[in-house]
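A quick write-up on the structure given underneath.
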Amino acid sequence: MEIKKGIAASPGICISEALVIDSEEYRIPRRSVKPSQRMGEILRVRNAFRDATAELIELEAAQDPSRAGKIKDIFAVHLRFLKDRSLRKEITDLVYAKSVAAEFAVSTVLRKIATHFSSVKDAYISERAADIYDIERRLLRHLLGERREDVNHLSQEVAIVTRELSPTQTAGFDKRFIRGIATDAGGRTSHTAIVARSMGIPAVVALEDFVELVRPGDPVIIDGNRGIVILDPNEETLSEYRRHLVEFSALEDRLGTIREKPAETRDGVRVTLLGNIEFPDESHVVIDKGGDGIGLYRTEFLYLNRENDPTEEEHYEAYAEVIQACQGKPVTLRTVDLGADKHTQNRRFAPEPNPFLGLRSIRYCLQNIRMFKTQLRAVLRASTLGPIKVMFPLITNLQELRQAKLIFRDVMEDLHEEGLAYAKDVQVGIMIETPSAALVASALAREADFFSIGTNDLTQYTLAVDRGNELVSTLYSPVEPSVLRLIRSVVQDAHRHQIAVGVCGEMASEPEYVMLLLGLGIRTLSMTPPMIPEIKQIIRSVTTEDCNRVARKVLAMDSERQITSFLRSRARAIMPEAF
Ligand code: PEP
Ligand code: MG
């Protein structure tokens with residue numbers, strides 16, 4: 001039995017067999033080999049080139065001659081690369097010089113070439129980057145061969161164990177069979193963790209080297225409540241966890257009974273509890289769990305996992321589905337937040353050096369106005385179907401808000417001229433996710449209808465800690481005094497200008513932070529849907545005076561550790577069974 005500690009990313013417990021995914025699609029972890037194994041790896045490279053070439057020649061011969069033309073050109077380009085001796089030499093030289101496995105060398109060299117191609121201005125050459133990725137995939141398939149596991153055709157329950165997952169891969173999982181996720185990379189607010197939470201799949205991230213210890217089929221326990229994984233559990237541990245599973249589902253049943261009751265403190269203050277969603281079908285979960293609407297629809301998920309951008313009609317259909325599922329409850333549509341760790345298929349091949357500081361979010365939209373307008377047209381057209389609000393992500397200054405609003409008004413005028421209906425009174429709000437926005441919140445509040453504090457990014461940018469990087473994950477905390485001061489001042493600025501302010505970062509889904517947020521003056525929390533009942537239960541167990549006292553105490557503390565342990569003990573006293 002082996003126990004490893006990571007970060008609890010999605011609550012729940014899974015006891016299952018491991019399904020080890022060796023490569024994320026075709027991204028390969030760096031694997032070193034002993035110097036004595038290098039010749040074997042070089043031989044593997046040669047064999048992979050030989051087999052891939054033979055496969056291509058066979059494929060080419062099998063083509064229907066009447067449809068030759070373009071397909072023939074593609075085969076010719078691929079074959080030319082595969083027969084290029086200097087390319088093969090570069091790969092085998094890397095294996096030799098750095099003592100790395102064949103897969104890693106193939107991936108490194110081909111990705112370097114692809115990146116170079118995509119940066120070339122000439123369209124013909126830059127388009128060849130996609131061919132290089134194709135060749136890489138083909139070679140890796142030959143190299144990984146039977147070791148590669150297929151997650152898309154499962155017939156029994158498994159626990160995924162892997163180095164890293166993309167948000168889109170996680171979202172594509174079949175919930176019937178994937179009972180838990182353990183990844184070596186990632187942080188608590190990485191988008192993969194967020195998606196796992198939304199889907200109700202227990203997950204532990206930041207395990208560093210777990211994937212290297214596990215073999216396919218090994219029994220594992222993933223404890224998403226405590227953030228640990230157990231490989232090969234003994235009988236005693238297994239029965240302890242089976243007992244936890246029973247208790248956990250009893251707690252869920254008990255919380256189900258407060259579904260119809262309001263999220264109201266003991267002294268009668270009503271709190272609005274909303275859900276965060278990535279996909280339209282999650283809106284049902286929000287309503288089933290007793291949520292008051294959608295506080296954050298991450299619409300960029302419409303763009304992931306597909307070759308072309310969604311059309312206006314596809315946007316519209318997705319929004320219509322959410323609005324209808326919410327049955328008159330409000331829906332906040334966040335305009336696309338692409339970039340950083342969420343890429344369209346095209347952009348994932350052209351990585352930026354510092355993507356979280358790069359062309360992301362509203363910046364990306366303001367540089368791609370046609371795409372932005374397509375979305376805004378669909379949003380406005382959908383506004384006739386039910387109450388919606390629009391929210392711009394990652395605003396850093398007034399200028400960006402003004403530009404985005406100007407484009408929004410342009411789209412309204414276009415629709416008006418075309419005789420298309422839309423609601424004239426759609427509220428336009430912004431996310432406060434950067435220290436810059438928090439510091440100029442007062443000015444922003446004059447021109448925004450509401451604020452939603454995105455604590456995931458606000459924490460990342462305030463502390464200069466990448467939210468998805470396991471190497472610095474222990475430094476990431478939304479209750480660092482610096483982050484809390486920013487939250488407090490944003491709430492005060494919003495109140496002063498009489499605009500609504502809520503929190504939609506993962507902090508709002510954490511039972512231990514509820515009292516603090518209420519004490520800071522927050523009355524709207526938007527969270528991962530499965531957490532709505534638990535957060536409601538806490539709200540119903542406290543008074544606003546309790547919460548104010550907690551906030552006063554916390555703001556007087558100057559260490560994150562002290563704050564965390566104080567908040568944990570308060571929450572545990574209120575709801576011991578959740579911890
Ligand atoms: C946030 O940053 O807190 C947020 C809610 O946005 P996302 O997690 O999608 O970046
Ligand atoms: Mg964000």
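The values are calculated or read from the model by the stated rules, or taken from the named source; none is laboratory data. Just so we're clear, the structure is a prediction, and the values are computed from it rather than from any experiment. Here Cβ is always computed from backbone atoms with ideal geometry, including for glycine, and neighbour counts include all displayed protein chains. Areas reflect the complete protein model, heavy atoms only, side chains present, ligands, DNA and RNA absent. Shrake-Rupley method; radii C 1.70, N 1.55, O 1.52, S 1.80 Å.
Here is how the numbers come out for the structure above:
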quantity	calculated
Subset tally (residues that are over 21 Å from residue 276 (Cβ atoms) and either surrounded by 22 or more Cβ atoms within 10 Å (Cβ to Cβ) or outside the structural domain of residue 10 (by TED's automatic domain parsing) (or both)) for the stretch 215-235	5
Close pairs (9 angstrom Cβ cut-off, 6 or more residues apart or separate chains): over 15 Å from residue 274 (Cβ atoms) in the stretch 496-510, polar (S, T, N, Q) and surrounded by fewer than 24 Cβ atoms within 10 Å (Cβ to Cβ) anywhere	496/442; 497/442
Single condition residue 396 does not satisfy, out of (1) more than 22 Å from residue 522 (Cα to Cα); (2) among the hydroxyl-bearing types (Ser, Thr, Tyr); (3) touching a residue at least 40 places away in the same chain (Cβ under 8 Å)	(1)
Cross-chain or 6+ apart pairs with Cβ under 8 Å, the stretch 442-459 first and not assigned by TED's automatic domain parsing to the domain that holds residue 432, then within 8 Å of ligand 1 (Cβ to nearest atom) and not small (Gly, Ala, Ser)	none
Sole exception among (1) open to solvent by 40 Å² or more (accessible area, probe 1.4 Å); (2) assigned to a helix (DSSP H, G or I) for residue 555, by number	(1)
Residue pairs meeting the criteria (Cβ under 6 Å; at least 6 apart or on separate chains; first in the same structural domain as residue 502 (by TED's automatic domain parsing), in the stretch 471-487; second of a type in the set (Gly, Ala, Ser))	473/187; 473/206; 476/187; 486/438
Of all residues in the stretch 445-461 being under 15 Å from residue 400 (Cα atoms) and assigned to a helix (DSSP H, G or I), the one that is farthest from ligand 1 (Cβ to nearest atom)	446
Within the stretch 499-544, tally of residues that are in a helix (DSSP H, G or I), modelled with pLDDT of 95 or more and within 16 Å of ligand 2 (Cβ to nearest atom)	2
Test: residue in the stretch 381-397 that is charged (D, E, K, R) and within 16 Å of ligand 2 (Cβ to nearest atom)	no
Of all residues in the stretch 158-216 being touching a Cys at 6+ places or on another chain (Cβ under 7 Å) and not in a loop (DSSP other than H, G, I, E, B), the one that is nearest to residue 478 (Cα to Cα)	180
Test: residue in the stretch 290-299 that is in contact with a His (Cβ under 7 Å, 6 or more places away or on another chain), crowded, with 21+ Cβ neighbours inside 10 Å and either at positive phi or not in a loop (DSSP other than H, G, I, E, B) (or both)	no
Every pair of residues 6+ apart whose Cβ atoms lie under 6 Å, when the first sits in the stretch 407-418 and is outside the structural domain of residue 365 (by TED's automatic domain parsing) while the second is in a helix (DSSP H, G or I) and not hydroxyl-bearing (Ser, Thr, Tyr)	none
Failed criterion for residue 468 (all others in (1) modelled with pLDDT of 95 or more; (2) not in a helix (DSSP H, G or I) hold)	(1)
Positions within the stretch 452-475 being within 14 Å of ligand 2 (Cβ to nearest atom) and either closer than 14 Å to residue 396 by Cα or not β-branched (Val, Ile, Thr) (or both), in sequence order	452, 453, 454, 456, 457, 458, 460, 461, 462, 466, 467, 468
Given (1) more than 21 Å from residue 358 (Cα to Cα); (2) open to solvent by less than 10 Å² (accessible area, probe 1.4 Å), index of the condition residue 457 fails	(1)
Some residue of the stretch 329-349 being in contact with a His (Cβ under 9 Å, 6 or more places away or on another chain), at pLDDT below 95, open to solvent by 10 Å² or more (accessible area, probe 1.4 Å) and not acidic (Asp, Glu)	yes
Test: residue in the stretch 440-451 that is within 12 Å of ligand 2 (Cβ to nearest atom), among the hydroxyl-bearing types (Ser, Thr, Tyr) and either open to solvent by 10 Å² or more (accessible area, probe 1.4 Å) or within 28 Å of residue 206 (Cβ to Cβ) (or both)	no
Residue match in the stretch 6-13 (condition: modelled with pLDDT of 90 or more and either among the basic types (Lys, Arg) or open to solvent by 50 Å² or more (accessible area, probe 1.4 Å) (or both))	no
Filtered residues of the stretch 495-518 (kept if over 21 Å from residue 331 (Cβ atoms), out of contact with any Ser or Thr (no Cβ under 6 Å at 6 or more places or on another chain) and surrounded by 20 or more Cβ atoms within 10 Å (Cβ to Cβ))	510, 511, 512, 513, 514, 515, 516, 517, 518
Total residues in the stretch 355-373, condition away from ligand 1 (no atom under 16 Å from the Cβ) and open to solvent by 40 Å² or more (accessible area, probe 1.4 Å)	5
Hits in the stretch 250-260 (condition: open to solvent by 60 Å² or more (accessible area, probe 1.4 Å) and outside any loop (DSSP other than H, G, I, E, B))	252, 253, 254
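Residue-by-condition table, conditions (1) within 16 Å of ligand 1 (Cβ to nearest atom); (2) closer than 21 Å to residue 500 by Cα; (3) of a type in the set (A, V, I, L, M, F, W, C):
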{"site": "389", "(1), (2), (3)": "yes, yes, no"}
{"site": "394", "(1), (2), (3)": "yes, yes, yes"}
{"site": "406", "(1), (2), (3)": "no, no, yes"}
{"site": "420", "(1), (2), (3)": "no, no, yes"}
{"site": "423", "(1), (2), (3)": "no, yes, yes"}
{"site": "426", "(1), (2), (3)": "no, yes, yes"}
{"site": "430", "(1), (2), (3)": "yes, yes, yes"}
{"site": "433", "(1), (2), (3)": "yes, yes, no"}
{"site": "443", "(1), (2), (3)": "no, yes, yes"}
